[in-house]
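> A single structure is presented below for examination.
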Amino acid sequence: MTSSKRHAKIKEALRATGVASVRELADRLQVSQSTIRRDLTVLDRDGELLRTYGGAALPPRGAAEDATDEEPFDVSASHDRAMKEAMADQAAALVTDESVVVLDIGTTTSLIARRLRGRPVTVITSNVAVLDELRDDDTVRLVMLGGVLRRNYQSLVGSLTERALSQVSADLLFLSCTGVRASGHVVDDMAVEEPIKHAMIEAADRVVLVASEAKFPGTGSLRLCSLSDIDVLVTTGGADPRTLQLCRQAGGQVLVA
C-alpha cells in the first residue's frame, strides 16, 4: 500500500471514530506501528490531524476554521467577508511603492495581495492563495518561500521555509494570528506555522498585525509576540477596547476598519 493510500485510510478511520491509537491503525491497515507513527507525523505536520500520545485525533472543526482565518479560502462563502475586505483596504493603504512586503497565511492576507496588484512592490510569502492572486501580475515582484505544502491551509512550512526567511530583509510584514490576549500576548494555535511566523517577524522592519474582533481573545497557546512588538494593529469595531489601548500605550497604531 502506498503512503498516500495509507494516509487516506488513516483519515477515513479518524472521521469514523474521532480518535485512534497507533496500534488500532496498524491493525486496521495491516502495517507496522512504526510505519503508522511516521504517517501520523507527516499528517500532523501537514495539519491533517492532531498527533496525540499513542495515537491521533481529528482537529476540532471550529479550531480548524478559525485558525488564522485561512479556511475557507473562498472568501465569498465567509460570513465575515465585509470585515476582511475592510481590513484588507486599511492594510494595503500602508504599503508604499518599491517596498518589500511579507504576507503571512490567511484569507485576509490574500485579500491584501489582491489590492497590491499593479503596484511596483515585492511580495514575499508562504501563502499559496497569494500566489494565485499575483501569479499573472507583471508589475508585482513575487517571491515564494520554499517548503512543504499544507494543502488544507494552502501554506508552505518547514525548515526550507525558515531558512529562506533568514535571508529576507523586508520593510513590512502583515501578520495573522488566532488570538490576542487581554495581557497583550499575540498567540497562535498552529504549531507547524509558529516558527515561520517568528522568522517573518525577525525579517521585517515593521509588523502589522491583522486581527478581526473575533481574535480578541480568540484561541491559541503559542506566543508569537506581544503588542509592544506590533507597529500597527488593523482590526474591526468589536475588538476589545482595553486590549486596543494596550497596543496604543505600547506605541502601536490602531486602525479600525
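The values are calculated or read from the model by the stated rules, or taken from the named source; none is laboratory data. All values reported here derive from a predicted model rather than from experimental measurement. Positions of Cβ are backbone-derived with ideal geometry, glycine not excepted, and every protein chain shown enters the neighbour counts.
> Return yes when residue 81 is among the basic types (Lys, Arg), over 17 Å from residue 176 (Cβ atoms) and either at pLDDT 75 or above or assigned by TED's automatic domain parsing to the domain that holds residue 152 (or both) and no when it is not.
No, not satisfied.
> Out of the residues in the range 240-255 meeting the condition of being touching a residue at least 40 places away in the same chain (Cβ under 8 Å) and touching a helix residue (DSSP H, G or I) at 6+ places or on another chain (Cβ under 6 Å), tell me which one is surrounded by the most Cβ atoms within 10 Å (Cβ to Cβ).
Checking each candidate, the answer is 247.
> Report, by residue number, each residue of the range 139-148 that is assigned to a strand (DSSP E or B) and either closer than 12 Å to residue 195 by Cα or in contact with a strand residue (DSSP E or B) (Cβ under 6 Å, 6 or more places away or on another chain) (or both).
Matches in the range 139-148: 141, 142, 143, 148.
> Follow-up. Filter the strands (runs of 3 or more DSSP E) completely within the range 7-70 down to those with at least 1 residues that are modelled with pLDDT of 90 or more and among the hydroxyl-bearing types (Ser, Thr, Tyr).
19-21
> What are the residues in the range 192-206 that are acidic (Asp, Glu) and at pLDDT below 95, if any?
Passing the criteria: 193, 194.
> Can you tell me which condition residue 4 does not meet? The list is (1) within 27 Å of residue 161 (Cα to Cα); (2) exposed (fewer than 15 other Cβ atoms within 10 Å of the Cβ); (3) modelled with pLDDT of 90 or more, and all the others hold.
Unmet condition: (3).
> Pairs needed: first member in the range 126-148, closer than 14 Å to residue 159 by Cα and aliphatic (A, V, I, L, M); second member anywhere, buried (at least 22 other Cβ atoms within 10 Å of the Cβ) and at pLDDT 95 or above; C-beta distance under 7 Å; at least 6 residues apart or different chains.
145/124; 145/125; 145/126; 145/165
> The conditions are (1) more than 30 Å from residue 45 (Cβ to Cβ); (2) surrounded by 18 or more Cβ atoms within 10 Å (Cβ to Cβ); (3) of a type outside the set (Ser, Thr, Tyr); (4) at pLDDT below 95, and residue 220 fails exactly one of them. Which is it?
(1)
> To continue, here is another question. Give the number of residues within the range 80-125 that are assigned to a strand (DSSP E or B) and either touching a Ser or Thr at 6+ places or on another chain (Cβ under 6 Å) or surrounded by fewer than 19 Cβ atoms within 10 Å (Cβ to Cβ) (or both).
The total comes to 3.
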